[in-house]
Amino acid sequence: MRTDFISIVIPSYNEASRIQPNLEKIVDYLRPRFSRFEIIVVDDGSTDGTPRQVAEAAHRESRIRLVSFPANRGKGFAVRQGILAAIGDSILFTDADLSTPVETVESGLKGLDDGYPVVIASRRHAKSVIVLRQSWAREVIGRVFNLVVRRLLSLRFQDTQCGFKCFSREAAREIFSLARIDGYAFDVEIIIIARRLGYRIKEIPVCWSDSADSKVRPLGDLSRVTRDLLKIYRNERAGLYSLPE
């Protein structure tokens, strides 16, 4: 596993009840393994004191950084801002609830070492272990969503939405500089952009547990996600996901 400078981006919205202990878990994992690391928590307009909790954690560990926005813009927006602010050689994002355990960092970095500039965790990988499943309804909606993504955008990946993705610094900067989607469909967009730019993408297995406090509301967000998928389709056809020559 590479031992250079790693950046971990954590998008956060109303995570005050668990952000400090989860940051402690991440720091405890990183500290003995990496001489250089940073954790960027992007607060996306929280109303529950999340920024204060992160600031307290940053006071104890200087390698925690808080990027805060006054209004809620969406997970895609938060991840994009964090990625573009990161300075590590390897940059990844993970969910604040740690549904994907921090130990997945090792698999993500190994994928980078193996020559894949983009590494995505997949709950539907044959070797993945699902400790706590989503509700039946959310699983069905997720599978339908994936089917639409594969048909509309010709993606071969079986799970675009798992909240753990890892990038080389070059790939991260190029991909996220072109990203436009602020909502949950941003995961699809960044994979589409990576494909357009010619980056090799590796799917890795994950040990994953559903969070009862997930902010994702599949039915409530369905209309917006559908609009965003159509926007991604139009953007790609219009050539908006290519770097300027």
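Some points to look at:
- P(r) histogram, all alpha-carbon pairs of region 93-245 included - 5 Å bins from 0, percent: 2, 9, 18, 22, 22, 16, 8, 2, 0, 0
- Hits among lysines - C-alpha to C-alpha of Lys231 under 21 Å, sequence gap 8 or more where chains match: Lys75
- Rounded, prolate or oblate (a/c below 1.5 giving rounded, otherwise prolate when a/b exceeds b/c) for region 126-183 by Cα gyration tensor: prolate
- For region 1-120, taking Cα atoms only, Rg and Dmax work out to 13.6, 41 Å respectively.
- Put Val118, Val129 in order of accessible area, highest first, and with a 1.4 Å probe you get Val129, Val118.
- Beta bridges per DSSP, both residues in the chain: antiparallel share near 25 percent.
- Here the accessible area is traced with a 1.4 Å probe on the protein chains. For the chain, carbon and sulfur cover 51 percent of it.
- Annotation note: trypsin sites (Lys or Arg not before Pro) in region 135-183 located in DSSP loop regions with a Cβ neighbour count of at most 10 within 10 Å are Arg156.
- Partners for Lys165 among aspartates and glutamates (Cα-Cα distance below 14 Å; same-chain residues under 8 apart left out): Asp95, Glu103, Glu106, Asp187, Glu189, Glu203
- Solvent-accessible area per residue, Å², over the chain with all protein chains present [probe radius 1.4 Å]: 47
- Take the Cα of Val148, step 7 Å toward its Cβ, do the same at Arg124, and the gap between the two points is 1.4 nm.
The values are calculated or read from the model by the stated rules, or taken from the named source; none is laboratory data. This is a predicted model, so every value here is computed, not measured. A quick note on method: Cβ atoms are made from the backbone with ideal geometry, for glycine too, and the neighbour counts reach across all protein chains shown. Each accessible area value is taken on the protein alone, full model and side chains, heavy atoms only, with ligands, DNA and RNA left out. Shrake-Rupley method; radii C 1.70, N 1.55, O 1.52, S 1.80 Å.
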